[in-house]
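First up is the structure itself, then whatever we jot down about it.
No value in this document is a laboratory result; all are computed from the given coordinates. Small disclaimer: the values here were computed from a predicted structure and weren't measured. All Cβ positions, even for glycine, are placed from backbone atoms using ideal geometry, and neighbour counts span all protein chains on display.
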Amino acid sequence: MNPSAIAIRAADTRYTRLGKSIMRATRRRFLTTSAAFSVAPAFSSKSDRPNIVFAISDDQSYAHTGAFGDPVARTPHFDRIAAEGVRFSHAYCCSPSCTPSRSAILTGQEPYRLEEAGNLWSTLQAKFDVFPDMLEAAGYQVGFTRKGWGPGIDNAGGRTRNPAGDLFADFETFFRQRDDSRPFCFWFGSKDPHRPYEKGSGLRSGMNIDDVRVPDFLPDVAEVRSDILDYFFEIERFDRELGAILERLERAGELDNTLVIVTSDNGMPFPRAKANLYDYGARMPLAVRWPERVRGGRVVDDFIGFADYAPTILEAAGVERSPQMTGKSFLATLASEESGRVDKSRDHVVLMRERHTIRNVNGLGYPMRAVRTYEHLYIRNYEPDRWPAGDPPLYAEIDYSPTKRYLNDNRESPQVKRYFDLACARRPAEELYDMAYAGQLNNVAGRDAYRPIQAGLKSLMEAHLTRTGDPRMADGEPQFDAYPFFRNTIRPARPDL
Ligand SMILES: [Ca+2]
C-alpha cells in the first residue's frame, strides 16, 4: 500500500470515531435548536405553504434539454416546467463536482465555506444548517430518493441521516405514507446521466446521430457523437421519471401548490466539461414551476448560483433562513412576472473547485476560482504546476469514456492534439475568455487590450471571496488537500483509460 493510502485509511478511522461522538452531541443539539427554525405567521396553514419537489439530475450541462434548444435530447417534462414556469438561462453550480455542488444547494453557502464539503467524497459537518432539517422543524415532511447529498460519509460529520432528508425507495412510497394535512419537501436525486453508459444505447433508441451538436471543445467524430447520444439516453430517462412524479401530483390534485425545481449538479462527464469552470462544467439547466405564485412562460437571464436555492425554498415555505447562509433568495424574481434581466444586481456568479477525485500524485486537488459575467469568464488557477485533468498518463479526473479514449489514442494527430490539450494540458495561472471572441477556447489573459477587464474581474471575484470567507483569501495554507477522502480508490482500477 502506498503512503497516501495509509494516511487516508488512518484518517478514515479517526473520522469514524469522531463521527460517533459528534453524532450523539448533534442529536441533542438538533432536538434543542430545531425550534429556532420558526414558521412565519403568514404561513401557518398548509394551504399557504407549498409542497416542494427538487428534481436533480447528475452530470447534465445546461444546453441539453429541448427547452434550451437541443435538437436531439427529448425532455418534454422539463420543457413543460419551463413553459408553465420560469426557465433560468444563467444558472451555475457553485462547484462542478457532485459533493460540493450538492452541499451548496443544501446549505445555502459556497462550498469553500464548508470545510470538508468543499471536496468530493468527504463529509458535511452537522454544524452546517441544511434546508431539509429546517423545513422539517417547521412542520414539513422531508424525504429523498437515490442520490441526495454525496458522494461522501454523512455520519463522519456528526449527522444521523443524509442531509437531503429521510431515504425512501421512490416518490410513490414517500407520497403514500405522508400525512396529507402537512406540506412536504421531496428531493428526487436521479443518478442519470452519470457514467457509465450502455454503449450504443442512444443510437439504438432511435436518436439521429447526424443532428448531434458537438461542443466546440470536442472533436466532431462518430465516436464522440455516439457517446453524446448515450448521455442523452440517460437524460431522457431522468425526464421520464420526472414526468411520472408530476403525473402523480397532478392526479392527487397537488401539482399546482407544489414548487417544482428541476436542475442538475454539474456538467456533462466529458473532457473539459465536468470538473471544469467553463460553461459545460458549471452552467446548469434550471426550470421552476409554481402556478399559484409564479407566472409561467418566462425566461429569466439573471445569474443564479446554487447557494441561492436554500434561501429561496425557505422563503417560499415561510421559514426564516439560517444566519449562516450566504446565498440570496430569488423568490422575488420568480414572483415578479418579468422576463429577461429582472434583478440587475444578479450580473455575475462566482465559481470554485478544490479537490475532485484523489487520483493524482500525493492526492492533491486542483484549486480554482472564477467569475462569470455576461461578457466574460475569468479563472484563477492557484496551482498551475499541477494537472487540471489529473496527472499523466491517466488524466483520471476525466471519467472513462469512448470520448476520452478517442482523445488519448489520437493525441499525436494534428487534428486531435488541440482537443487533447484543451482538456488535459497544464493551464496558466490566469485565464480570461471573451464570449464575443472565440468563446471559451481562446485565452486572452495578459493581452494589452484586456488588462483593465482582467484586473476588474479579478477584484470583483476576490471581493466576493473575501466577503464570504474563502480560506484562499486568508493568510495561511487552506486545508482542502488535507481533508479525508472516504473512498479507497487511490489509483484508477482500469489502466486502459
Ligand atoms: Ca454529478
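Please work out how much length the chain gains when fully extended from K127 to T173, using 0.36 nm per residue of separation minus the C-alpha to C-alpha distance, in nm with one decimal.
Details: separation 46, 0.36 × 46 = 16.56 nm, distance 3.02 nm.
Length gained between K127 and T173: 13.5 nm.
Once every DSSP H run of n ≥ 4 in the chain is given -39500 (n - 2.57) and the sum is divided by its residues, what mean residue ellipticity at 222 nm do you get, rounded to the nearest 500 deg cm²/dmol? Walk me through the numbers before you get to the answer.
On the way: 13 runs with 151 residues, N = 497.
Taken over the chain, the calculation gives -9500 deg cm²/dmol.
Between the alpha-carbon centres of the range 41-120 and the range 302-359 there is a gap of 10 Å.
Between R204 and A463, the modelled labels are 5.5 nm apart [label points 7 Å from Cα along Cα→Cβ]. Backbone amide hydrogens, once placed in the peptide plane, bring G390 within less than 5 Å of E397, excluding anything fewer than 5 places away on its chain.
Charge dipole of the range 49-347 (Cα centre as origin; +1 on each Lys and Arg Cβ, -1 on each Asp and Glu Cβ, all else neutral): 280 debye, rounded to the nearest 20. Here's how it looks for Q141: its modeled amide H is under 5 Å from those of F184, C185, which are all 5 or more places away or on a different chain. The fewest-to-most ranking of S329, S101, S336, S401 by surrounding Cβ atoms within 10 Å reads S336, S329, S401, S101. Looking at the chain alone, DSSP beta bridges between its own residues are antiparallel in about 50 percent of cases.
Basic side chains Lys and Arg get +1 at the Cβ, acidic Asp and Glu get -1 at the Cβ, and with that the dipole of the range 350-482 about its Cα centre reaches some 240 debye.
Please state the relative contact order of the chain as a whole percent: Cα pairs under 8 Å, 6+ residues apart?
21 percent
Here the simple spin-label model places points 7 Å from the Cα toward Cβ, and for E383 and V214 these points are separated by 3.3 nm. With θ taken as phi - 60° and the Karplus curve 6.51 cos²θ - 1.76 cosθ + 1.60 applied, the whole-hertz 3J(HN,Hα) list for the range 294-309 is 10, 6, x, x, 10, 10, 10, 9, 4, 6, 10, x, 5, 6, 7, 5 Hz, x standing for glycine and proline.
Going through the range 375-467, which GluC sites (Glu not before Pro) have at most 16 other Cβ atoms within 10 Å and a DSSP loop state? All intermediate terms of the calculation are to be shown ahead of the outcome.
Details: sites: E375, E397, E412, E430, E431, E462; in loops: E375, E397, E412.
The qualifying sites are E375, E412.
For the range 65-91, backbone nitrogen atoms closer than 18 Å to the point 7 Å from R295 Cα along Cα-to-C-beta are found at 82-88. Each residue of the range 239-253 in turn: what ³J(HN,Hα) in whole Hz from Karplus with 6.51, -1.76, 1.60 and θ = phi - 60°, glycine and Pro shown as x? Working through the residues one at a time gives 5, 4, 5, 4, x, 5, 5, 4, 5, 5, 5, 5, 4, 8, x Hz.
Compute the Rg/Rh shape ratio of the range 350-482: radius of gyration over Kirkwood radius, all on alpha-carbon atoms. Intermediate results must be reported in sequence, preceding the final value.
Numbers: Rg = 16.1 Å, Rh = 16.2 Å.
Checking Rg against Rh, the ratio lands at 0.99.
Counting charges near E430 (Lys, Arg +1; Asp, Glu -1) among other residues having Cβ under 10 Å from its Cβ returns a value of +2. In sequence order, the range 110-115 has phi-based couplings of 5, x, 5, 8, 10, 6 Hz under the Karplus curve 6.51 cos²θ - 1.76 cosθ + 1.60, θ = phi - 60°, and Gly or Pro positions carry x.
Considering all projection directions equally, how large on average is the shadow of the alpha-carbon convex hull of the range 49-347, in square nanometres? Intermediate values should be presented prior to the final figure.
Numbers: hull surface 57.9 nm².
That works out to 14.5 nm².
If a paramagnetic tag sat 7 Å from the Cα of D475 along the Cα-Cβ line, which residues of the range 103-118 would have the backbone N under 18 Å from that point? Under cut-off, by backbone N: nothing. Placing unit charges on each Cβ (+1 for Lys and Arg, -1 for Asp and Glu) gives the range 49-347 a dipole about its Cα centre, and among M207, S345, M325 the Cα reaching farthest toward its positive end belongs to M325.
If we count other beta carbons within 10 Å of each Cβ, what is the order of V86, V224, fewest first?
Ordered from fewest to most neighbouring Cβ atoms within 10 Å, V86, V224 come out as V224, V86.
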